[in-house]
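What follows is a short report on a single structure.
Read-outs throughout are calculated quantities, based only on the coordinates presented, and are distinct from any laboratory measurement. Keep in mind it's a predicted model, so treat the numbers as computed, not measured. Glycine also receives a Cβ, built like all others from the backbone with ideal geometry; neighbour counts cover every protein chain displayed.
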Amino acid sequence: MKKTMILGLATLLGVLTSCGGKATSETTLHVIFDNPAPRTMPLALFGDVPAELVTSLNIAEGVPSSVSVMLMEKDGQQCLFDAGNGNNDSRLLPRMGELGFSASDIDVIFITHLHGDHIGGLVKDGQPVFPQAKLYIPSVELDAWTKSPESTPQNVKDMMEAYGEKLVKYTLEDPLPVGVKPIAAYGHTPGHTIYRIDNKLIVGDIMHGVALQMEHPEFCARFDMDKEQAIASRKAIMEMAKKEGLTMYGMHFPTEEGI
Ligand SMILES: [Zn+2]
């Protein structure tokens, strides 16, 4: 094929991809279930849910859930959002392998918050599981958990030690790699932060039981550290997603498609 023809074809493809309407840009998002089997959150986690609501939502056996990690390919960078729990039966690395990625392919990791089911997969035997990755952690969250050496959880210490200078503590005003935008969604933890990419919203732990909390955001899972703030954030983020037509992906959502 002549060079001009190739160029013409490339231009045409460019026009097609930019006009196609479908998300044909270079962003691909994979939702990876870290848990080996389908999971439910026990109903008791959500406090006193009225019996009629339990029946109408069909959640008597628990609320469908997961432990998930998102892997995004964008602008030639492979990015993770959180890293799962790192348990022995964690499926993150095998499932990444099925998608054609190894741990050393990951360039950037964005952390929503510092609970163990989100950072447990970052470190093994004192070593970074993702040796090439820069680890982006919101400053409000990191500061809250590291007020003093005595109060800093061991897994947070291990993470800081393993990633060293590759750990980047950022503020919400800082530009992040590949145009990812952090948004404060405090309450679940002091600095719980979610991420927006185009029309996708990685919402972290804004909900632990979608079937219940989508309709009734006033219910908190026991893990929400500041319940009032968590409810306000949940409502605000869902409102934003609705208004702007964004698809939400959560670390405890039961689907891989987002909602
Ligand atoms: Zn969680």
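Listed by first and then second residue, the pairs with beta-carbon distance under 8 Å, at least 6 apart or on different chains, first residue in region 226-244 and surrounded by fewer than 13 Cβ atoms within 10 Å (Cβ to Cβ), second of a type outside the set (D, E, K, R), are GLU228/GLY187; GLU244/ASN199.
Within region 183-196, being within 15 Å of the chain's Cα centre (by Cα) and surrounded by 21 or more Cβ atoms within 10 Å (Cβ to Cβ) holds for ALA185, HIS188, THR189, GLY191, HIS192, THR193, ILE194, TYR195. The number of residues in region 209-225 that are surrounded by fewer than 20 Cβ atoms within 10 Å (Cβ to Cβ) and either among the β-branched types (Val, Ile, Thr) or touching a Ser or Thr at 6+ places or on another chain (Cβ under 7 Å) (or both) comes to 1.
Only one entry in GLU256, GLU165 is away from the ligand (no atom under 15 Å from the Cβ), of a type outside the set (S, T, N, Q) and under 17 Å from ASP82 (Cβ atoms), namely GLU256.
Of all the listed residues (ILE206, ILE202), the sole one being assigned to a loop (DSSP other than H, G, I, E, B) and either touching a Pro at 6+ places or on another chain (Cβ under 8 Å) or crowded, with 21+ Cβ neighbours inside 10 Å (or both) is ILE206.
Every test in (1) without any contact (Cβ under 8 Å) to a residue 60 or more places away in the chain; (2) under 18 Å from MET251 (Cβ atoms); (3) not β-branched (Val, Ile, Thr) is passed by PRO128 save one, and that test is (2).
Would you mind stating whether GLY258 is surrounded by 15 or more Cβ atoms within 10 Å (Cβ to Cβ), among the small types (Gly, Ala, Ser) and under 14 Å from MET70 (Cβ atoms)?
So GLY258 passes the test.
Taking the residues in region 218-253 that are of a type in the set (D, E, K, R), assigned to a helix (DSSP H, G or I) and more than 16 Å from the ligand (Cβ to nearest atom) as candidates, determine which candidate is nearest to GLY204 (Cα to Cα). Among residues in region 218-253 that are of a type in the set (D, E, K, R), assigned to a helix (DSSP H, G or I) and more than 16 Å from the ligand (Cβ to nearest atom), the one nearest to GLY204 (Cα to Cα) is LYS235. Within region 41-91, the set of residues being farther than 30 Å from VAL178 by Cα, surrounded by fewer than 16 Cβ atoms within 10 Å (Cβ to Cβ) and either within 14 Å of the ligand (Cβ to nearest atom) or of a type in the set (Asp, Glu) (or both) comprises ASP48, GLU52, GLU61, ASP89.
Restricting region 98-122 to residues that are surrounded by 24 or more Cβ atoms within 10 Å (Cβ to Cβ) and β-branched (Val, Ile, Thr), which is nearest to the ligand (Cβ to nearest atom)? Applying the filter and picking the extreme gives THR112.
Here ARG196 does not fit the description of being among the basic types (Lys, Arg) and within 16 Å of the ligand (Cβ to nearest atom).
Identify all residues within region 74-124 that are assigned to a strand (DSSP E or B) and not aromatic (Phe, Trp, Tyr); write none if there are none. Steps first, please.
The initial filter retains those residues of region 74-124 that are assigned to a strand (DSSP E or B), namely 74, 77-81, 108-110, 123-124.
LYS74, GLN77, GLN78, CYS79, LEU80, VAL108, ILE109, VAL123, LYS124, listed by residue number.
If you go through region 130-154 and keep only what is within 27 Å of VAL178 (Cβ to Cβ) and part of a helix (DSSP H, G or I), you end up with SER139, VAL140, GLU141, LEU142, ASP143, ALA144, TRP145. Scanning region 171-193 for residues that are more than 16 Å from the ligand (Cβ to nearest atom) and not in a loop (DSSP other than H, G, I, E, B) turns up PRO177, VAL178, GLY179, LYS181, PRO182, ILE183, ALA184.
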